[in-house]
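One structure is given here, and the rest of the page talks about it.
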Amino acid sequence: MKIEYDIEVDSLYIRIQEKEVSHTKELEEGINLDMDDEGKIIGLEIIGATEKYNLKDIFNISTENLILEEPIKS
């Protein structure tokens, strides 16, 4: 997992897999989920990250619950 933060646009990207993005699903305004062609999560983008979350908390995320049993349907 790789976490990137772009201070210029206040965008946080959490990359779970190093794969090509097939499509993006908007979960809510400013939160986008990137998926591969099988519906598996590749990454999560949060636009306006510091307005929505405390970045110190994001860097302490536990990854144990990030694995999905079923692919997300777009």
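Just so it is clear, none of the values below were taken in a lab; they were calculated from the coordinates. Treat the numbers as computed from the prediction; the structure is a model and nothing was measured. Ideal geometry is used to build each Cβ from the backbone, glycine not excepted, and the neighbour counts take in all protein chains shown.
With charges set only on the Cβ (+1 for Lys and Arg, -1 for Asp and Glu), what does the dipole of region 2-62 come to about its Cα centre, in debye to the nearest 20?
Numbers: 7 positive and 16 negative charges, 59 e Å.
Approximately 280 debye in magnitude.
Write out the chymotrypsin sites (Phe, Trp or Tyr not before Pro) in region 1-56 meeting two conditions: DSSP loop, and at most 15 other Cβ atoms within 10 Å of their Cβ. Before the final figure, lay out the partial values.
Details: sites: Y5, Y13, Y53; in loops: Y53.
Sparse-neighbourhood loop chymotrypsin sites (Phe, Trp or Tyr not before Pro): Y53.
Compute the orientation-averaged projected area for region 2-62 from the convex hull of its Cα atoms and round it to one decimal in nm². Walk me through the intermediate numbers first.
Values: hull surface 17.3 nm².
Projected over every direction and averaged, the Cα hull of region 2-62 covers 4.3 nm².
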